[in-house]
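So the structure is just underneath, and the comments pick up after that.
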Amino acid sequence: MAEHTVKAFDEDITRLRGLIAEMGGLAEVAIAESLDALLRGDEVLAEQVVLRDKRMDALEMEVDKLAVRIIALRAPMADDLREVIAALKIAGVLERIGDYSKNIAKRTGMIEGRARFEPLTLLPTMGEVASEMVHDVLTAYAARDPDLAREVIATDAKVDGFYNSIFRNLVSYMVENPSTISSAAQLLFVARNIERIGDHATNVAEMVHFAATGVYPPEGDR
Amino acid sequence: MGSSQTIPIAGISLAAVTFAALLLLGIDVVIALAVLTVWVGSLLVAAGRPPDPPKAKTRQRLTIESISDLIENSSIPLVITDRNTIALANNAARRMLGPHVIGQDTRVALRNPEAISLLGDNAQNEAIVRGLVRRGDIWQINRQTIDDRLAMLEFINQTAEADISRAHTDFVANASHELRTPLAAILGYVETLQEGDGSLDAPTARKFLGIIEREAQRLHALVSDLMSLSRVEAEKHDLPTTRIDLAALVERAARDAAGSNRIERLVLDIAAEPVVLGDVQQLEQVVRNLVDNALKYGAADAPVTVELNLAQGDLARIAVQDQGEGIAPEQIPHLTRRFYRTDPGRSRASGGTGLGLAIVKHIVERHRGRLDITSTLGKGTRVVVRLPLAEPEPEAAGSAPDTDQETPREPETEQLS
């Protein structure tokens, strides 16, 4: 991005991007740790995930304030404006991803008979794909790389595939083992949350693409 | 340092002018002289001391450019931060984090909350971060403050170390398990024999002794395999130097592996006499292990073909082909892992240690060769080892056995009996 005559403007934009990156890092870790907590039944770790979400909320507010300030004081144009608007929207989405992770973490205590609970083994791989998507989309954001953003959008199909197969798997498991229905139903929500995380990562990727090029990615990619 | 440089000429001339002015004002010559002496004397005493090292100046010389020259080619990723932004990233860091990070907020490059704890005012100096670049990698980040603005971040990749130590732990756990299994059987039967106090009939006792012997043999095989594996691994980086005629070696080792009771199943097809640089015992072990595997896991009455020929001009190719049930494709990548077995029960029953192919792989790697395993389910498995040919010996360059000018030996297929 070209330098601006007003140096403070560059500083503001840099700070905005830094805040987004920090939120993204938190979101990535939250996904991994919430699933880890769920899998191992580690309530302490789950508690940490929930606590850390507060930091996410604070960061989102900071992004909002800064973005509004930039718009009000500097009246950005063209790619600068796109950058600020995208940051504003991405922050909202990342906060949402954080909420989903928090939601997963909160279900840690609700799974019974963890050691022999077979459907639990399918979730981590799905979670890894989703957290990889978040990781890649943030790299795309940092590098302003529309190609990588499109790759992330394409990966979402994988997460959806996982979701469908886990859904079927869990339903048949519930039919066979009615005693585990309450735990399995929790896992359905978890799978759903991960699927939503994938969708949100896709949204971020679209915004990254928009901020970098000025157009949304072609429909065929989605 | 020349004394002329230290004499404060300006000061002395000022003193001289003052002296003249005092004289003109009509002050006593003695007083004026005293003033001049004290003035000039104090100037000289002050000038005699070496000037203070210009601290501020050296600070300033540590500019971003000079740091860049210093760190650019370091193999450790290094990043210089100026307050909250990345001022500089050396070549290794740019490759690791992407070239876009320069000029951006440091959080853009680090992202991970652990890593971000390194930034800010009351920052820590060290953090271990997982998944910084790729999933599951581990980086140690050290932060060193250069001055009130600049700081240096140093990235040390700990991933390999963690992998190695995990592989090591796995290996020790596996090896102990493998060693304990036959030992448990031996101890159990010995105990039964002891407690029997002669009440066991002779055939049962013989049977028990037979089991004990078999298990002891297995233990023995396991320990020798472990020893050869560790020996090969220890020598992994030394290229073997002995010139070896592969044709003779392959034939000898293959017959050796087959033994007298399985020799009819062995078909040797030696079409070349390549010379390679190698270690005789280790290459014999490669052939022995492959032939033994093929005879063991191929169909009981089907032949096992051992081929030796040249490939791509400068490689010797040893291929061992069996006819049997083959190996499922998803298992092939794991075959060379230590203690990996496609069918544990069968492997143990036939006295396998689970180390044979691991040893083969290490030996082939030491010889800078290649190991390829292909298999068709229901038909059989083919293991191919390719070894680089030795350079022809200078004095015997014309008579190198494996060059094109020489008529290769007629491909002969001999059915051994």
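Looking at the stretch B:121-141, can you tell me whether even one residue there is open to solvent by less than 10 Å² (accessible area, probe 1.4 Å) and modelled with pLDDT under 80? Taking every residue of the stretch B:121-141 in turn, none turns out to be open to solvent by less than 10 Å² (accessible area, probe 1.4 Å) and modelled with pLDDT under 80.
The lone criterion from (1) modelled with pLDDT of 85 or more; (2) open to solvent by 40 Å² or more (accessible area, probe 1.4 Å); (3) not small (Gly, Ala, Ser) left unmet by B:Gln312 is number (1). Being open to solvent by 60 Å² or more (accessible area, probe 1.4 Å) and either over 22 Å from B:Arg135 (Cβ atoms) or of a type outside the set (Ser, Thr, Tyr) (or both) holds for only one residue in A:Ala75, A:Ala58, A:Ala67, A:Ala30, and it is A:Ala75.
Which residue out of B:Leu283, B:Leu277, B:Leu226, B:Leu222 is touching a residue at least 40 places away in the same chain (Cβ under 8 Å), open to solvent by less than 80 Å² (accessible area, probe 1.4 Å) and in a strand (DSSP E or B)? So the residue among B:Leu283, B:Leu277, B:Leu226, B:Leu222 that is touching a residue at least 40 places away in the same chain (Cβ under 8 Å), open to solvent by less than 80 Å² (accessible area, probe 1.4 Å) and in a strand (DSSP E or B) is B:Leu277.
For B:Thr192, indicate whether it is in contact with a strand residue (DSSP E or B) (Cβ under 7 Å, 6 or more places away or on another chain) and open to solvent by less than 90 Å² (accessible area, probe 1.4 Å). No: the conditions fail for B:Thr192. Residues of the stretch B:25-56 that are at pLDDT 85 or above, of a type outside the set (Ser, Thr, Tyr) and either under 60 Å from the mean Cα position of the chain (by Cα) or surrounded by 12 or more Cβ atoms within 10 Å (Cβ to Cβ) (or both): B:Ala32, B:Leu33, B:Val35, B:Leu36, B:Trp39, B:Val40. Here is the figure for the stretch A:38-56: residues that are under 16 Å from the mean Cα position of the chain (by Cα) and away from chain B (no Cβ under 11 Å) total 4. Do we have any residue at all in the stretch A:99-110 that's within 14 Å of another protein chain (Cβ to nearest Cβ) and either under 20 Å from A:Ser131 (Cβ atoms) or surrounded by fewer than 19 Cβ atoms within 10 Å (Cβ to Cβ) (or both)? Scanning the stretch A:99-110, I find at least one residue that is within 14 Å of another protein chain (Cβ to nearest Cβ) and either under 20 Å from A:Ser131 (Cβ atoms) or surrounded by fewer than 19 Cβ atoms within 10 Å (Cβ to Cβ) (or both), so the answer is yes.
Apart from one condition, B:Arg130 fits all of (1) within 22 Å of A:Asp12 (Cα to Cα); (2) of a type in the set (D, E, K, R); (3) facing chain A (nearest Cβ under 9 Å); the exception is (1).
Test A:Leu26 against the stated conditions and say whether it is facing another protein chain (nearest Cβ under 7 Å), in a helix (DSSP H, G or I) and under 15 Å from the mean Cα position of the chain (by Cα).
Values: facing another protein chain (nearest Cβ under 7 Å): yes; in a helix (DSSP H, G or I): yes; under 15 Å from the mean Cα position of the chain (by Cα): yes.
When the stated conditions are applied, A:Leu26 passes them.
Looking across B:Glu307, B:Glu365, one residue alone is part of a helix (DSSP H, G or I) and over 30 Å from B:Gly210 (Cα atoms). It is B:Glu365. Based on this model, can you work out whether A:Leu35 counts as assigned to a helix (DSSP H, G or I), modelled with pLDDT under 85 and away from chain B (no Cβ under 12 Å)? Spelling it out, it is not the case that A:Leu35 is assigned to a helix (DSSP H, G or I), modelled with pLDDT under 85 and away from chain B (no Cβ under 12 Å). Which pairs have Cβ atoms under 9 Å, sit 6 or more apart or on different chains, and link a residue in the stretch B:362-374 that is surrounded by fewer than 19 Cβ atoms within 10 Å (Cβ to Cβ) to one that is among the basic types (Lys, Arg) and at pLDDT below 90? As it stands, the answer is B:Glu365/B:Lys236, since those pairs meet every condition given.
Give the stretch B:80-89 a look and list any residue that's open to solvent by less than 40 Å² (accessible area, probe 1.4 Å) and within 17 Å of A:Ala21 (Cα to Cα), or say none. Scanning the stretch B:80-89 gives B:Thr81, B:Ile86.
Within the stretch A:160-173, residues that are farther than 15 Å from A:Gln186 by Cβ and part of a helix (DSSP H, G or I) reach partners that are modelled with pLDDT under 90 and open to solvent by 50 Å² or more (accessible area, probe 1.4 Å) with beta carbons closer than 9 Å, at six or more positions or on different chains, in the pairs A:Phe162/A:Leu122; A:Phe162/A:Thr125; A:Ser165/A:Leu122. Among the residues examined, B:Leu150 does not qualify as closer than 19 Å to B:Ser74 by Cβ, within 27 Å of the chain's Cα centre (by Cα) and either within 14 Å of chain A (Cβ to nearest Cβ) or at pLDDT 80 or above (or both).
Of the residues that sit in the stretch B:340-353 and are in contact (Cβ under 8 Å) with a residue 24 or more places away in the chain and open to solvent by less than 20 Å² (accessible area, probe 1.4 Å), which one is nearest to the chain's Cα centre (by Cα)? Going through the qualifying residues, I end up with B:Thr353. Among residues of the stretch B:90-119 being more than 22 Å from A:Ser131 (Cβ to Cβ) and open to solvent by 40 Å² or more (accessible area, probe 1.4 Å), the one that is farthest from the other protein chains (Cβ to nearest Cβ) is B:Asn91. Against the definition (touching a residue at least 40 places away in the same chain (Cβ under 8 Å) and open to solvent by 40 Å² or more (accessible area, probe 1.4 Å)), how does A:Arg17 come out, yes or no? Here the answer is no, as A:Arg17 does not meet what is asked. All conditions in (1) under 24 Å from A:Tyr216 (Cβ atoms); (2) away from chain B (no Cβ under 14 Å); (3) modelled with pLDDT of 85 or more hold for A:Asp80, with the sole exception of (3).
The values are calculated or read from the model by the stated rules, or taken from the named source; none is laboratory data. Everything numeric in this text was worked out from a predicted model, so none of it was measured. Here the Cβ is made from the backbone with ideal geometry for all residues, glycine too, and neighbour counts use every protein chain on show. Just so you know, the surface numbers come from the protein's heavy atoms only, side chains and all, with ligands and any DNA or RNA stripped out. Shrake-Rupley method; radii C 1.70, N 1.55, O 1.52, S 1.80 Å.
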